[in-house]
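Asker: Got a structure here, written out as structure tokens. Questions coming.
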Amino acid sequence: MASKLGSRTLSVAVMQYLFAWGTVPVGLALLATRRFKLEKSFKGISYGVANGLLSSLGNVALLAAYRSGGNTAVITTATALYPMITVVLAIVILRERLTKTQVIGLGFAAAAMVIFSL
């Protein structure tokens with residue numbers, strides 16, 4: 001809700017910048033629970049940074065959609081279905097298999113999005 005409200009008066013770039021600053025206290029609090037001990041896995045750190053970059057790009061797209069004046073409920077629901085892309089990538093790249101129940105769940109999620117956007 002704060003993203004939609006903020007995007008009415010601020011540009012997408014400024015909203016993303018402020019969003020990044022808003023994550024700092026959370027990150028510091030989480031780091032404090034680990035006594036500021038950092039991980040040493042280059043591969044893990046690389047994945048974490050890639051996740052942050054991709055999440056930021058997704059947030060920029062979300063803010064731009066909000067700023068366009070579209071229906072907030074539809075925009076939020078559509079973007080909340082991003083795990084479906086992850087599932088497809090897991091099948092293609094990681095060769096994971098879905099159970100029948102999971103396939104049905106994905107079908108319901110897709111159908112819900114179509115119905116919700118009407």
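The values are calculated or read from the model by the stated rules, or taken from the named source; none is laboratory data. As the structure is a prediction and not an experimental result, all values here were calculated from the model. Ideal geometry is used to build each Cβ from the backbone, glycine not excepted, and the neighbour counts take in all protein chains shown.
Asker: Please verify whether the stretch 30-39 includes one or more residues that are on the phi > 0 side of the Ramachandran plot and modelled with pLDDT of 90 or more. Please lay out each step first, then the result.
Answerer: Taking the stretch 30-39 as the starting set, the residues that turn out to be on the phi > 0 side of the Ramachandran plot are 35-36.
Keeping just the survivors that are modelled with pLDDT of 90 or more gives 35-36.
Yes: one or more hits.
Asker: Provide a single number: the residues in the stretch 83-107 that are polar (S, T, N, Q), under 18 Å from the mean Cα position of the chain (by Cα) and farther than 17 Å from Gly58 by Cα.
Answerer: Filtering the stretch 83-107 for residues polar (S, T, N, Q) gives 86, 99, 101-102.
Now drop any that are not under 18 Å from the mean Cα position of the chain (by Cα), which leaves 86.
From what's left, farther than 17 Å from Gly58 by Cα: none.
The qualifying residues number 0.
Asker: If you go through the stretch 27-40, how many residues are among the polar types (S, T, N, Q) and surrounded by 10 or more Cβ atoms within 10 Å (Cβ to Cβ)? Break it down stepwise before answering.
Answerer: Within the stretch 27-40, the first condition is being among the polar types (S, T, N, Q), and the residues that meet it are 33.
With surrounded by 10 or more Cβ atoms within 10 Å (Cβ to Cβ) added as a condition, the list becomes none.
Total satisfying the criteria: 0.
Asker: If I ask for residues that are in a helix (DSSP H, G or I) and closer than 18 Å to Met113 by Cα, which ones from the stretch 62-79 would you list? Outline the logic, then answer.
Answerer: Start the filter on the stretch 62-79 by keeping residues that are in a helix (DSSP H, G or I), which leaves 62-67, 72-79.
Listed by number, the residues that qualify are Leu62, Ala65, Tyr66, Thr72, Ala73, Val74, Ile75, Thr76, Thr77, Ala78, Thr79.
Asker: Further, regarding this structure: Being more than 16 Å from the chain's Cα centre (by Cα), in a helix (DSSP H, G or I) and modelled with pLDDT of 90 or more, is that true of even one residue in the stretch 46-59?
Answerer: Just the residues of the stretch 46-59 that are more than 16 Å from the chain's Cα centre (by Cα), to begin with: 46.
From the residues that got through so far, the ones that are in a helix (DSSP H, G or I) too are 46.
Retained after the next criterion (residues that are modelled with pLDDT of 90 or more): 46.
Yes, some residue in the stretch 46-59 is more than 16 Å from the chain's Cα centre (by Cα), in a helix (DSSP H, G or I) and modelled with pLDDT of 90 or more.
Asker: Is there a residue being among the basic types (Lys, Arg) and under 22 Å from Ser7 (Cα atoms) anywhere in the stretch 93-105?
Answerer: The initial filter retains those residues of the stretch 93-105 that are among the basic types (Lys, Arg), namely 95, 97, 100.
Next, only the ones that are under 22 Å from Ser7 (Cα atoms) stay: none.
No; the residues of the stretch 93-105 include none that is among the basic types (Lys, Arg) and under 22 Å from Ser7 (Cα atoms).
Asker: Residues being among the polar types (S, T, N, Q) and either outside the structural domain of Leu5 (by TED's automatic domain parsing) or loosely packed, with under 13 Cβ neighbours inside 10 Å (or both): count how many of those fall in the stretch 56-65.
Answerer: Going through the stretch 56-65 one residue at a time, the tally reaches 0.
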